[in-house]
């Protein structure tokens, strides 16, 4: 398997700034989504910028044993968790981003409003999760990474990834069921 970013990484290591800019362009959206869901929309741009600065300054440490994206997401994971433990963001992790109800926005204004309100409530529930559980849940259920990729990104054993994901999903279901009016779930 060839890393599609390999050539850009090698050029960036040699000081080619446009090559690193291309890496940023390719991965900015996923890094932004991951950091936003951990620290919230208010802080995600700053954290994302910090992720890319750290990556740039650590390119010499990238060994290429895993794809660049996995290495970058590991930096995003660590940076976002550090930022989340240092401060609590006020905005919900889904705010302003394509959340689970984004498709509803194409309906009536009432549908759009309801979808936005649900995303906000979901963001509040998501923020209530342990940051490590939240990260695994976002990487798997929102970003679609495989269990192996998540293990690489988070630096945890595969069994721990599965256990954290199971716990995160159970915690989310419990949190959603505590307010059945919002989610219309059986009690």
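The values are calculated or read from the model by the stated rules, or taken from the named source; none is laboratory data. What you see is a predicted model; the values in this text were computed from it and never measured. Backbone-built Cβ (ideal geometry, glycine too); neighbour counts: all protein chains shown.
Which members of segment 20-45 meet the condition of being farther than 23 Å from residue 145 by Cβ and free of Cβ contacts under 8 Å to residues at least 12 places away in the same chain? Selection gives 21 alone. For segment 73-104, taking the residues that are surrounded by fewer than 17 Cβ atoms within 10 Å (Cβ to Cβ) and closer than 26 Å to residue 177 by Cβ, the one that is modelled with the highest pLDDT is identified as 98. When segment 40-63 is filtered for residues that are in a helix (DSSP H, G or I) and buried (at least 20 other Cβ atoms within 10 Å of the Cβ), the ones remaining, listed by number, are 41, 43, 44, 47, 48, 51, 52, 55. Within segment 150-173, being within 29 Å of residue 3 (Cα to Cα), touching a residue at least 24 places away in the same chain (Cβ under 8 Å) and buried (at least 20 other Cβ atoms within 10 Å of the Cβ) holds for 152, 153, 154, 161, 164. Here residue 114 passes the criteria (1) over 27 Å from residue 155 (Cα atoms); (2) modelled with pLDDT of 90 or more except the one numbered (2). Just one of the listed residues (37, 63) is within 13 Å of the chain's Cα centre (by Cα), at pLDDT 80 or above, farther than 19 Å from residue 25 by Cα and not assigned by TED's automatic domain parsing to the domain that holds residue 146, and it is 37.
Reported count of residues in segment 145-187, each being at pLDDT 85 or above and at positive phi, is 1. Across segment 5-42, the number of residues qualifying as in contact with a helix residue (DSSP H, G or I) (Cβ under 9 Å, 6 or more places away or on another chain) and within 19 Å of residue 153 (Cβ to Cβ) comes to 18.
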